[in-house]
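Working notes, structure below.
FYI, it's all coordinate maths here, none of it is from the lab. This structure is a prediction, so every number in the text was calculated from the model and none was measured. With ideal geometry, Cβ positions are generated from the backbone for all residues, glycine too; neighbour counts draw on all protein chains shown.
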Amino acid sequence: MQTLNVGAGRSEADYKADIEQKRQELRAQVRTDADHFFWAAGLSALATGVLPIRFTLFIGIGCIDLLRFYGQSVGTLYPLMLYSAALLWIGALVGLGFAARRGYRWAFWIGLVMYAADMITLVMTFSLWAFGVHSYFVYRWFRGQKALKDLQDEAVAPPTVTETSSGASA
């Protein structure tokens with residue numbers, strides 16, 4: 001029986017099964033964390049007023065809030081500008097969600113940068129609850145890109161089996 005240099009006493013089939021199980025867990029984690037883009041898009045729709053109901057107690061988009069405060073000087077174009085910015089934000093999150101589900105790590109990073117920048121504007125508008133919600137999404141997307149990196153690293157460097165002439169591992 002072949003044994004590997006890691007986990008002596010395990011067969012190669014057991015080792016490969018453990019590796020495959022770890023890959024499945026990482027894929028599931030990436031998918032779950034990518035689904036948080038869709039949750040963020042839904043909450044953004046609630047917070048910005050795109051839906052008939054507007055809920056801003058715990059959720060908010062800092063850029064949209066700043067636009068709401070300072071964009072009123074535009075005049076008649078103000079509502080169009082506000083809803084266009086909100087739809088652009090929601091569309092970007094949905095697009096990033098689909099890209100992240102396909103395994104593009106850059107989608108997670110763009111989401112991280114978007115929300116980190118928006119967290120700064122939330123601090124400026126004193127929306128601390130929304131800051132906490134943003135922090136949760138930033139954490140999940142960071143975790144998702146890390147799991148995707150681990151998954152890609154394992155695919156690039158498969159485990160090696162070292163075997164001596166007697167069949168035991170070195």
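Quick check: convex hull over the Cα atoms of region 35-155, volume per residue in Å³, rounded to an integer?
On the way: hull volume 10.7 nm³, N = 121.
So the per-residue Cα hull volume is 88 Å³.
Order the peptides 106-117, 10-21 from the highest to the lowest mean number of other Cβ atoms within 10 Å of their residues. Numbers along the way, then the final one.
Working: 106-117: 18.2, 10-21: 13.2.
The packing order, highest mean first, is 106-117, 10-21.
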